[in-house]
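*Asks:* Take a look at the following structure, please.
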Amino acid sequence: MNAPRIAPLVYNYSGLLTAPDAPRLVRETALLPSDLDWLAPRLDACRAEVLADAELFRSGGAVPPEKQPLDAGFFELPEVLLGAQRGEVDRIVRTADRLARQSDRVVVLGIGGSYMGARALMEACCHPYHNDLHRARRGGRPRMYFEGNNVDNDAVQGLLDLLEGADDWSLVVISKSGGTLETAVAFRIFLDSLRRSLKGDEAALRQRVVAITGAKGGLRQLSEALQLPDVFTIPEGVGGRFSVLSPVGLLPAALLGLDIERLLAGAAEMNSRFRQAPPLENPALAFAGVGRLMETRRGCTLRVLSTWGKRLEALGLWYDQLLAESLGKQGMGATPLTVVNTRDLHSRGQQHQEGRRDKLITNLVVEHIDRDPLAIPAWPHDHDQLNCLAGTPLPRVLRAAYDGTNRAYAADCRPTAELRVPRLDETAMGQLLQMLMIATVVEGRLVGINPYGQPGVEDYKRNMNAILRSK
Ligand code: PA5
């Protein structure tokens, strides 16, 4: 049987384009055909570089010094997992199903790239109140909590309160380096708690803990010492914030009952568009190039990802981290900002409408809702004057807010671009995640910044450890 067709994600930046004879303010805030003429061949060259990097990674060839570090392994990972390493996907699903059967709650420990993707998938693809539903309404899947992404005493205590007295919970600990202090500290605390819950039964404990880590490092050694049967390896050449489609994001997603093959299929589909589509019609290339042009030629140093509806905030935060850690280097890099509308029209809307002209707003829109539309009820009285709107479905209200906002921005020469997915499901998320990762790398190559590695973050880690360990 053929796999169901993947409805494509659309990146539409026509709202940002104008003609050379447009009024001055329009020209100064939008892109001209000459900008795109400049861009297209450069995007083509970047694509060739990204594909050559992937090829170098695949062949295991030596990475030249100027390219180090080169974490190009994320690019072909979807195809690899759907093909040669299919067994790894099966093992992820088997482990997730086993853990799901044993547990009503799962605590996922990790920070940065080691948890943000999983959270984005949960928020986008699960019931919005997943953790509050009865098990049957969760499809028999566990509730999921994220920790090890801070060292907030009272927050950790709060989660321990939830787990107190229960023996039906599990732990997934994720750290590529295996040495990140926040995650390592949380692991000690939660492992001790789980051990107490299981009354010291070490065999049972081993069935309740899954580690996802690099080939070497402290967590790997600890997993061996604990004799954990289920340890997944984050492949070499797949960096933290590029690891959402490795076991890092796939195991939590499978635990939640998501179809991880569809997720990978969406990402693979994005790869084939990246390989084939002309630069200016290619979502990943065009998204990177337009961002770059708007930053350098129109002064838009803030990248606002404006999500409509409530389910994409965590995706936006994942992307904030991806862009900020990848390109915020050498005094460069746009500042990403996630907005959730209509909510944030009442907090940031004023500034976006009339503040500095330093923002590129990209709307992220989902075309179809999953549930029956709710309509505004008719009432016998009309104090709130809504009776004239009685019967209007909520999606139409959201659409009116969307159109009204973009119309207001356009009238003030604040043009917007749009990323559109037909439905918020695994294939859409696979496309989005892969597109944003590719676009980030392409932009790095366009600017001459190595998108991999995060040398700045290492400084705080070193200092924190030195402060804690000094006598
Ligand atoms: O993108 C990155 O590499 C980082 O955000 C890491 O994911 C984060 O620092 C966590 O690192 P680790 O997985 O090694 O604990």
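The values are calculated or read from the model by the stated rules, or taken from the named source; none is laboratory data. Because the structure is a prediction, the values reported are computed rather than measured. With ideal geometry, Cβ positions are generated from the backbone for all residues, glycine too; neighbour counts draw on all protein chains shown. Surface areas here come from the heavy atoms of the whole protein model, side chains and all, with no ligands, DNA or RNA. Shrake-Rupley method; radii C 1.70, N 1.55, O 1.52, S 1.80 Å.
*Asks:* What is the dipole size for the stretch 298-364, taken about its Cα centre, with +1 at each Lys and Arg Cβ and -1 at each Asp and Glu Cβ, in debye to the nearest 20?
*Replies:* On the way: 10 positive and 6 negative charges, 28 e Å.
The calculation lands at about 140 debye.
*Asks:* Give the distance, in whole Å, between the Cα centre of the stretch 396-457 and the Cα centre of the stretch 1-43.
*Replies:* 13 Å
*Asks:* So how far apart, in nm, are the two label points at THR392 and ASP154 if each is 7 Å from Cα heading toward Cβ?
*Replies:* It is 4.1 nm.
*Asks:* Which one, GLN276, SER223, LEU256, projects farthest toward the positive side of the charge dipole computed for the stretch 219-280 from Cβ point charges (K/R +1, D/E -1)?
*Replies:* The residue sitting farthest along the positive end of the dipole is GLN276.
*Asks:* Sorted by mean Cβ packing within 10 Å, highest first, what order do the peptides 45-54, 368-377, 200-209 take?
*Replies:* Values: 45-54: 17.6, 368-377: 11.4, 200-209: 15.2.
In decreasing order of mean packing, 45-54, 368-377, 200-209 become 45-54, 200-209, 368-377.
*Asks:* Along the charge dipole of the stretch 369-457, which of GLY453, ALA378, THR405 sits closest to the positive end, that is, farthest toward it, with unit charges on the beta carbon of Lys, Arg, Asp and Glu (+1, +1, -1, -1)?
*Replies:* Positive-most Cα among the choices belongs to GLY453.
*Asks:* Could you give the dipole magnitude of the stretch 1-148 about its Cα centre, charging the beta-carbon of Lys and Arg +1 and that of Asp and Glu -1, in debye to the nearest 20? Please list the in-between numbers first.
*Replies:* On the way: 19 positive and 19 negative charges, 220 e Å.
Computed about the Cα centre, the dipole is about 1060 debye.
*Asks:* Right, another one. Carbon and sulfur together cover what percent of the accessible area of the chain at a 1.4 Å probe radius? Kindly include the intermediate steps, with their values, before the conclusion.
*Replies:* Values: 11500 of 21630 Å².
C and S atoms contribute 53 percent here.
*Asks:* Follow-up. Rg (Å, one decimal) plus Dmax (Å, integer) for the alpha carbons of the stretch 41-104?
*Replies:* 17.2, 54
*Asks:* To the nearest 20 debye, what charge dipole does the chain have about its Cα centre, counting +1 at the Cβ of each Lys and Arg and -1 at the Cβ of each Asp and Glu?
*Replies:* It works out to roughly 300 debye.
*Asks:* In 5 Å bins starting at zero, report the fraction of Cα pairs in the stretch 138-195 per bin as a rounded %.
*Replies:* 4, 16, 29, 25, 16, 8, 2, 0
*Asks:* OK, next. Would you mind working out the accessible area per residue for the stretch 1-48, using a 1.4 Å probe, and quoting it in Å²? Before the final figure, lay out the partial values.
*Replies:* Numbers: 2910 Å² over 48 residues.
On a per-residue basis, 61 Å².
*Asks:* Work the Kirkwood hydrodynamic radius out for the stretch 1-135: mean of 1/r over every pair of different alpha-carbon atoms, inverted, in Å. Intermediate results must be reported in sequence, preceding the final value.
*Replies:* Working: mean 1/r = 0.0487 Å⁻¹.
Its Kirkwood hydrodynamic radius stands at 20.5 Å.
*Asks:* A further question on this structure: So, in Å, what gap is there between the alpha-carbon centers of the stretch 94-134 and the stretch 259-284?
*Replies:* The stretch 94-134 and the stretch 259-284 have Cα centres spaced 25 Å from each other.
*Asks:* Along the Cα→Cβ direction, 7 angstrom out, place labels at ASP168 and ASP192. What is the inter-label distance in nm?
*Replies:* 2.7 nm
*Asks:* Ratio to report: Rg/Rh of the stretch 362-429, with Cα atoms as the point set and Rh obtained by the Kirkwood method; give two decimals.
*Replies:* Values: Rg = 15.5 Å, Rh = 14.3 Å.
Ratio value, two decimals: 1.09.
*Asks:* Mind scanning LYS67/LYS310; LYS67/LYS176; LYS216/LYS329; LYS216/LYS310 and naming the pairs with a C-alpha gap bigger than 32 Å? Each step should come with its number before you reach the end.
*Replies:* Numbers: LYS67/LYS310 39 Å; LYS67/LYS176 21 Å; LYS216/LYS329 27 Å; LYS216/LYS310 39 Å.
Pairs exceeding the cut-off: LYS67/LYS310; LYS216/LYS310.
*Asks:* Provide the per-residue ³J(HN,Hα) series for the stretch 282-298, in order, calculated from phi with Karplus coefficients 6.51, -1.76, 1.60 and θ = phi - 60°, each as a whole number of Hz, with x at glycine and proline positions.
*Replies:* Per residue, the Karplus-derived 3J(HN,Hα) values read 9, x, 5, 5, 5, 4, 5, x, 5, x, 5, 4, 5, 6, 7, 9, 10 Hz.
*Asks:* Same structure, new question: Taking the chain as the reference, fit the longest principal axis to its C-alpha atoms, fit the long axis of helix 426-447 to the helix C-alpha atoms, and give the angle between the two in degrees, 0 to 90, nearest 10.
*Replies:* Roughly 70 degrees between the two axes.
*Asks:* Run the helix sum for the chain: -39,500 (n - 2.57) per DSSP H stretch of 4+ residues, divided by residue count, reported at 222 nm to the nearest 500 deg cm²/dmol.
*Replies:* Working: 17 runs with 227 residues, N = 471.
When only DSSP H runs of four or more count, the value is -15500 deg cm²/dmol.
*Asks:* If you take every DSSP beta bridge whose two residues both sit in the chain, what share of them, in percent to the nearest 5, is antiparallel?
*Replies:* Details: 4 of 42 bridges.
Among the beta bridges of the chain, antiparallel pairing accounts for roughly 10 percent.
*Asks:* Angle between the Cα long axis of helix 260-276 and the longest principal axis of the chain, 0 to 90 degrees, nearest 10?
*Replies:* Roughly 40 degrees between the two axes.
*Asks:* Can you order the peptides 171-181, 87-97 by their average number of other Cβ atoms within 10 Å per residue, highest first? Could the numbers behind the result be given before it?
*Replies:* Working: 171-181: 24.0, 87-97: 16.7.
Averaged packing, sorted descending, gives the order 171-181, 87-97.
*Asks:* Work the Kirkwood hydrodynamic radius out for the chain: mean of 1/r over every pair of different alpha-carbon atoms, inverted, in Å.
*Replies:* Details: mean 1/r = 0.0421 Å⁻¹.
Computed over the chain, the radius equals 23.8 Å.
*Asks:* Just to confirm the number: angle between the C-alpha axis of helix 313-327 and the first principal axis of the chain, 0 to 90 degrees, nearest 10?
*Replies:* Taking Cα atoms only, the helix is inclined about 90 degrees.
*Asks:* Going by average Cβ neighbours within 10 Å, how do the peptides 448-454, 259-265 rank, with the highest at the top? Don't jump to the answer; show the numbers that get you there.
*Replies:* Working: 448-454: 18.3, 259-265: 21.9.
Sorting 448-454, 259-265 by mean packing, highest first, produces 259-265, 448-454.
*Asks:* What residue among LEU56, LEU39, LEU25 has its Cα farthest toward the positive end of the dipole of the stretch 23-63, where the charges are +1 on Lys, Arg and -1 on Asp, Glu, each on the Cβ?
*Replies:* About the Cα centre, the residue reaching furthest to the positive side is LEU25.
*Asks:* Computed over the Cα atoms, what is the radius of gyration of the stretch 159-224 divided by 2.2 N^0.38 Å, N being its residue count? Before the final figure, lay out each step's value.
*Replies:* Details: Rg = 12.0 Å, N = 66, 2.2 N^0.38 = 10.8 Å.
Working it through for the stretch 159-224, the quotient is 1.11.
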